[in-house]
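Okay, structure first, notes after.
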Amino acid sequence: MTHCVTLDKEKCKGCTTCIRQCPTEAIRVRRGKATIISERCIDCGRCVLACPHHAKRAVCDPLTLMEQFRYTVALPAPSLYGQFRNLDDIGVVLGGLLEMGFDGVYEVARAAEEMSAHALVKFGIARKGVGYDGAEPVPAVRPLISTACPACVRLICMRFPRLIPHLAPEIAPVELAALAARAEAAKKTGLPPDKIGVFFITPCPAKMTAAHFPLGLSEPVLDGAFSMAELYVKLLPAMKKAAMKDNVFPSVGLAGVGWAVSSGESAVLRNMKTIAIDEIPNVIAVLEDIEDGKLPEVGFVELNACTQGCVGGCLTVENPYVSKMRIQELMKNLPDTLLSRLRYDDPGTPPTRDLPLAYEPADVLDGDMSAAMEKRFRMDALLGRLPGLDCASCGAPSCRALAEDVVRGYAQEADCVFLTRDSMGEGGYLPPPFRHSQK
């Protein structure tokens, strides 16, 4: 897997800010520079937001990738609409994308609304032609966990393998939108599918990585993903031109656009006990409670790695709280097409994953069981000698992480400044890195 989050070593100053922010302990500082452990990274982007030197960055596909296809389709994320001030017509954004050079536009919010309609029928909350009934649905697995955020899905596969059966089997809305957009474009143009480029406008690095390495799919359904922040600069003048022309009429209602913010996905499940969590530390805390059986009454769990949902992704340009306010204001003027879809259309069943999600352990000490046990004993013995302060002065996020690095051969006991001080006696010389960290 090639990750979207990368490190610019020229800008890295060797501080420990990113280490403290990483939820999976995927970052170390060695020889004055940070390094990212690929198999631990979930592309949540917290290090990108936290790094004071801008050494962490998210690398997305270049816009020139569009030139490889005869027909291109843009898939704008619902969070894109919250980046613009005083936006009251989504059609202006869609028209701006066409002005930029895309041949077609398919809203991801449209696919999200289709999945919301399917969820209402699936859980028995809505009856065709009636709307919401009074029964409280009982999912097959309780609680059912959303798979819309790939960073949270990878977190579960890495740290909470017992919760993998709780993940919803359906593919993510962006993947459903990609399949529908390609089929619609092929029917319209008569071109073969491989000549049609489908590109997602992503608010976060996790979805950028998932575009090329999808979770639970045998092959990608997207041809690439563009950074929302990069595209924003070029989209603004294009939207001004589009505003002077006939607007493209959006085909989505408030339920689909609501997926841009936390609780937007679960809002339609009115008769089910649901919770919506944003930010990785909060997500981890709730997943631990679920794993311990502390939330038996919850039917559905919506997880978002970013603050306030997708509007808080590190590839957006607006403050997430301001963006959420704009999304909510925009939704007031949108029709409730969800109920009409249930009355007159069959929402159908979204495609499910064709590969099972599996446990991805990142803390295996050795492939050989006896060697792994020997390393575990050494690790526990070293952990008993370490101070347990988790100060990160050694370049590891915690004393336990340092002990693991030592037995793996990636670090030395002398990296701990406290062990070094004790070995030299009281009042011994302290290494420069420790003195610097106390300033």
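Brief remarks follow.
- Within segment 15-39, the residues that satisfy the criterion of being under 17 Å from residue 361 (Cα atoms) and among the β-branched types (Val, Ile, Thr) are 24, 27, 36, 37.
- Restricting segment 93-110 to residues that are surrounded by fewer than 21 Cβ atoms within 10 Å (Cβ to Cβ) and part of a helix (DSSP H, G or I), the residue that is farthest from the chain's Cα centre (by Cα) is 99.
- Among the residues making up segment 169-209, none is under 22 Å from residue 260 (Cβ atoms) and without any contact (Cβ under 8 Å) to a residue 24 or more places away in the chain.
- Verdict on residue 208 being within 21 Å of residue 64 (Cα to Cα), among the aliphatic types (A, V, I, L, M) and crowded, with 22+ Cβ neighbours inside 10 Å: yes
- Of the criteria (1) crowded, with 21+ Cβ neighbours inside 10 Å; (2) more than 20 Å from the chain's Cα centre (by Cα); (3) assigned to a helix (DSSP H, G or I); (4) not hydroxyl-bearing (Ser, Thr, Tyr), which one residue 325 fails: (1)
- For segment 27-59, filtering for residues that are touching a residue at least 24 places away in the same chain (Cβ under 8 Å) and either on the phi > 0 side of the Ramachandran plot or surrounded by 21 or more Cβ atoms within 10 Å (Cβ to Cβ) (or both) leaves 17.
- In segment 252-307, the qualifying residues are those that are under 23 Å from residue 338 (Cβ atoms) and of a type in the set (Ser, Thr, Tyr), and the one that is surrounded by the fewest Cβ atoms within 10 Å (Cβ to Cβ) is 263.
- Restricted to helices (runs of 4 or more DSSP H) entirely inside segment 143-220, those with at least 1 residues that are farther than 18 Å from residue 277 by Cβ and acidic (Asp, Glu) are 173-189.
- Yes/no for residue 225 being assigned to a strand (DSSP E or B) and closer than 26 Å to residue 317 by Cα: yes
- Members of segment 53-79 that are within 24 Å of the chain's Cα centre (by Cα), part of a loop (DSSP other than H, G, I, E, B) and more than 21 Å from residue 174 (Cα to Cα): 53, 54, 55
Where a number appears in this text, it was derived from the coordinates with a stated rule and is not lab data. Worth saying up front: this structure is predicted, and the values here are computed from it rather than measured. A quick note on method: Cβ atoms are made from the backbone with ideal geometry, for glycine too, and the neighbour counts reach across all protein chains shown.
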